[in-house]
Amino acid sequence: MHKSLKSLLLLAVLLVASPALARGDLTSQTIGLQELPAEAQQTLQLIRRGGPYPHERDGITFGNYEKQLPAAPRGHYREYTVITPGINHRGARRIVVGCERQQASDMPSGLLSLPQCRDGGRFYYTADHYRSFRRITE
């Protein structure tokens, strides 16, 4: 490939990626609600209703140790299991919800309530146990 064409392609990639990186949004990949597996759509419905959840660990704090999601204070992210047919454990699929609380005093240690979220919550889907995420769009 010609050197100037490579430079032009690199510049184009940087221009597209720069706004997402400036926002701190490390997940430039998105997935539409209708593209999600049926089980993930069901999990989203449960999250919006506030449960009940099929796994006792649903709603726990997600630590973002992999740093795949934008940096946020502890407790900002909560994770929920997306059932995988044919297995008898939690599997690798999750929905992680990021929530900027209305007020610092709204930081409960219990389950997340979406009305507490200033922006209604940001939803992320992982099918590979946190190795990658896609922001869910509606």
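Taken together, the values in this text are just the output of simple stated rules run on the coordinates, not laboratory data. If you're wondering where the values come from, they're calculated on a predicted model, not measured in any experiment. With ideal geometry, Cβ positions are generated from the backbone for all residues, glycine too; neighbour counts draw on all protein chains shown.
The protection proxy used here, the mean number of other Cβ atoms lying within 10 Å of each residue, ranks peptides 52-62, 122-132 as follows, highest first: 122-132, 52-62.
For the range 29-137, the spread of Cα positions along the three principal axes, ordered from largest to smallest, is 41, 29, 25 Å. The modelled label-to-label distance between ARG131 and GLN42, using points 7 Å beyond Cα along the C-beta direction, is 2.5 nm. Taking every DSSP bridge with both residues inside the range 29-137, close to 85 percent are antiparallel.
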